[in-house]
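Colleague: I'd like to ask you about the structure that follows.
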Amino acid sequence: MVKAMDHHQAGDGGGVSLSEAEKTLDPATEREWAELRGLGHRMLDGIFDYMQGLKDTPAWREIPAETRSALGQEPVPRSGQGAEAAYESFLRDVLPYNSGNVHPRFWGWVQGGGTPLAMLSDMLASGMNPHMAGFNAAPTLVEEQVLRWMAELMGMPAGTTGLLTSGGSMANLLGLAVGRHACAGFDLREQGLRYGQPLRVYGSTETHSWLKKAMDLMGMGTAGLRVVGVDFQYRMNLSELRAAILEDRAAGYRPVCVVATAGTVNTGTTDDLEAIADLCAEEQLWFHVDGAFGALAYWSESLRPAISGMERADSLAFDLHKWGYMPFEVGAVLVRDGKKHREAFATGASYLTAMDRGPMAGGLRFAERGFELTRGFKALKVWMTLKAQGADAITQLIEQNVEQARYFASLVEASPELELAAEVPLNVVCFRYRGADDAQNQEILVRLQERGIAIPSGTTLAGRFALRVANVNHRSRREDFDVLAKAVVKIGREVMQEAAPDR
Ligand SMILES: *Cc1c(COP(=O)(O)O)cnc(C)c1O
């Protein structure tokens, strides 16, 4: 060890030849390791304190001007100031101005809050730093295990393959890519889109915006997407879907895929998945389900009937960083026919050829199920959470979130000043301050957020603005919804009073 220290100091003229003074980003001496270890322990304590104290902090706070410029105008640090100083900057400038989704009264935009145990798993994963293209190593088996667990929990059959992804957008994109390749009717990967008939994909007005981006990115164009209308419950209108498919076939298009949603982002509603599965089987179309958050409701026996048919999907995309409560990022795609999955992505790059033995044995199975080559060990946090806390714990929290949403809906209905803006099929509650116009309801929303009381978000339903609570928060308690309901009424009165001060 003394020798290592000598090497490290060689650059300062310690008399050791330069070739022996090679550098690394690791601590170089026992003492440096001890220092980093000490700092690491303090970091852990610091972030645990932060998580433990969340409920006593505002749900959000504005970034002060001096912090904004400290973070926005710093030149490239050419020489380091040391880990202690960097951590001090983090504590001062970054940690206090988090985006809010970890807070017990955050219900905006469907964002999960993470967990302390999964945070630790992420740290271990980062320390191991395995390359997750595949390889003959335990982390590969861990991801495969997680994918098998997911397939089972989602009711998908043996033979299903999958991939953990950065999130729902990527998972959906991959599912659609597999479906398009499987149903194009020609070798799309080799020939490209110019070769065959123009392809058509079907979604509804409530389909999440990933689909437009994917259509564009995949070269089918947003015009290749038929946007089907919805019924009064915001479910895809099936007679309109059927008619659109017929019309497109007659006009020389090739319908390839229907994108159904389990848990829409606006209202949490689910398309009639059984009927869409039947239609896809009849018409030989790929049945893709976007279950970004809603798919997780399948884990619950009591909630499952609302999304039955999901297990018939050819491909299913969902997030674990929303209703699975995992820290960002982790989503997943499952593909019922593993062969089709691989056919959509496998390439034969010679420097990546599989060997029979050694670290490359088994090949790069994950690289052959998606677009990315180098991937992180996202599987560990899911594996460790399920082993330590169990899938049932997640399921109970999902049920708790739905009960809380119903409870909040009951508070809205009980208040003469508030009204529901849509039905509450799952964990999403859309509501308004009665008698306030769109601008006034938006003002109520922003004041709630700016004052750090709670973070709902907003949406537009049938042309009108509504506040929206999307509850995927395992830290929320009933009293948090009491706080929200009271605050909306109070701020609503304030805003109405300002609009008509004489009343
Ligand atoms: C969040 C969401 C997505 C996108 O998932 P990301 O993880 O944010 O990429 C897609 N569809 C629905 C219904 C969503 O709620």
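Derivation of every value follows stated rules applied to the coordinates shown; laboratory data play no part. Note that this is a predicted model, so its numbers are computed, not measured. Here Cβ is always computed from backbone atoms with ideal geometry, including for glycine, and neighbour counts include all displayed protein chains.
Colleague: What is the spread of the Cα atoms of segment 392-499 along each of their three principal axes, largest first, in whole Å?
Modeller: Dimensions of segment 392-499 along the principal axes of its Cα atoms: 49, 29, 22 Å.
Colleague: How high is the relative contact order of segment 165-265, given as a whole-number percent (alpha carbon pairs under 8 Å, six or more residues apart)?
Modeller: For segment 165-265, the relative contact order is 34 percent.
Colleague: How big is the gap, in Å, between the Cα center of segment 49-68 and the Cα center of segment 80-139?
Modeller: For segment 49-68 versus segment 80-139, the Cα centre distance is 16 Å.
Colleague: Using 0.36 nm per residue of separation minus the Cα-Cα distance, give me the extension gain between Met123 and Trp109 in nm, one decimal.
Modeller: 2.4 nm
Colleague: Where a Cα-Cα gap under 26 Å defines reach, which lysines qualify for Lys486, not counting those fewer than 8 residues away within the same chain?
Modeller: The reachable lysines, counting only those whose Cα sits under 26 Å from Lys486, are Lys55.
Colleague: Moving on. When a footprinting reagent is the concern and you count Cβ atoms within 10 Å, what order do Ser415, Ser476, Ser209, Ser121 take, fewest first?
Modeller: Ser209, Ser415, Ser121, Ser476
Colleague: Next question. Let's test the formula: R0 of 35 Å, r as the Cβ-Cβ distance of Tyr97 and Leu461. What FRET efficiency results, to the nearest 0.05?
Modeller: Efficiency, from the Cβ-Cβ distance: 0.65.
Colleague: Determine the distance separating the Cα centre of segment 288-333 from the Cα centre of segment 159-200; give it in Å without decimals.
Modeller: 20 Å
Colleague: Using R₀ = 22 Å, calculate the FRET efficiency as 1/(1 + (r/R₀)^6) where r is the Cβ-Cβ separation of Tyr407 and Lys490; round to 0.05. Walk me through the intermediate numbers first.
Modeller: Working: r = 19 Å, r/R0 = 0.88.
Between Tyr407 and Lys490 the formula returns 0.70.
Colleague: Helix-only estimate, please: 222 nm mean residue ellipticity of the chain, summing -39500 (n - 2.57) across DSSP H runs of length 4 or more and dividing by its residues, to the nearest 500.
Modeller: -12500 deg cm²/dmol
Colleague: Restricting the count to DSSP beta bridges whose residues both fall in the chain, what percent are antiparallel, rounded to a multiple of 5?
Modeller: The antiparallel proportion sits near 55 percent.
Colleague: With an 8 Å cut-off on Cα pairs and a minimum separation of 6 or more residues, tell me the relative contact order of the chain in percent. Could the numbers behind the result be given before it?
Modeller: Numbers: 874 pairs, mean separation 101.0, N = 503.
In percent, rounded to a whole number, it is 20.
Colleague: Efficiency by 1/(1 + (r/R0)^6): what FRET value for Ala83 and Ala393, r their Cβ-Cβ distance, R0 = 41 Å, to the nearest 0.05?
Modeller: Result of the calculation: an efficiency of 0.70.
Colleague: Which of Arg468, Arg148, Arg42 comes first, and how do the rest follow, when ranked by fewest Cβ neighbours within 10 Å?
Modeller: With the sparsest Cβ surroundings first, the list reads Arg42, Arg148, Arg468.
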